[in-house]
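For reference, the structure discussed in these notes is given below.
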């Protein structure tokens, strides 16, 4: 059994914090960008515009992920606390919203550049597991998305949650 009692803050300088979750986003996006451009793009026009596409993707991940969380997980709260929607530093992102955001960004960017959106979506679909891997590791560090209670020897006790031995479902998903 492993005891999870990680601090979600990776680095703190005075009151400025860098969290593991934000590092997971940065590392995942940079890794996907490099791997996608180096190994999976052979079309010279696509290779030339892919750097600009990454900017669209980053904005789509953040906006789509946040809006997905707001609309899917707690719409009533945000209806009455509208300004809290913009407090992304307090957490709350949705994979589903980020996915929809990237799909829409791919279509918009491709149309703007007179290209086929499937070219971008193909590359994104190949490299997305890199970002998902780092995101699930961050979920593990933050004690989020934990599994059911178990007595298996590789169970994890999430101190910040309930001190029960649980499946490390975040690590299962990261590996697979």
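Values computed for the structure shown
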| item | result |
| --- | --- |
| Cβ-Cβ FRET estimate between residue 59 and residue 14, R0 fixed at 35 Å, reported to 0.05 | 0.75 |
| Fully extended contour minus Cα-Cα distance, from residue 161 to residue 37, at 0.36 nm per residue | 40.6 nm |
| Ascending count of other beta-carbon atoms within 10 Å, so fewest first, for 80, 56, 69 | 80, 56, 69 |
| Spin-label pair residue 81/residue 23, simplified geometry with 7 Å Cα→Cβ offset, distance in nm | 2.8 |
| Directionally averaged projected area (convex hull, Cα atoms, region 1-118), nm² | 10.9 |
| Residues 90, 173, sorted so that the one with the fewest Cβ neighbours within 10 Å comes first | 90, 173 |
| Residues 94, 125 arranged by fewest to most Cβ contacts within 10 Å | 125, 94 |
| On Cα atoms only, tilt of 117-141 relative to the major axis of the chain in degrees | 20 |
| For q = 0.31 Å⁻¹, Debye-computed log10 I/I(0) when each Cα of region 50-103 counts as one equal scatterer | -1.13 |
| Computed E for residue 5/residue 148 - FRET, C-beta separation, R0 25 angstrom, nearest 0.05 | 0.80 |
| With Cα atoms, 0 to 90° folded angle of helix 95-112 axis to the chain main axis | 10 |
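Read-outs: derived from the displayed coordinates by stated rules, not from any lab. Computed from a predicted model, the values in this text were never measured in an experiment. FYI the Cβ positions are ideal-geometry reconstructions off the backbone, even for glycines, and counts take in every protein chain you see.
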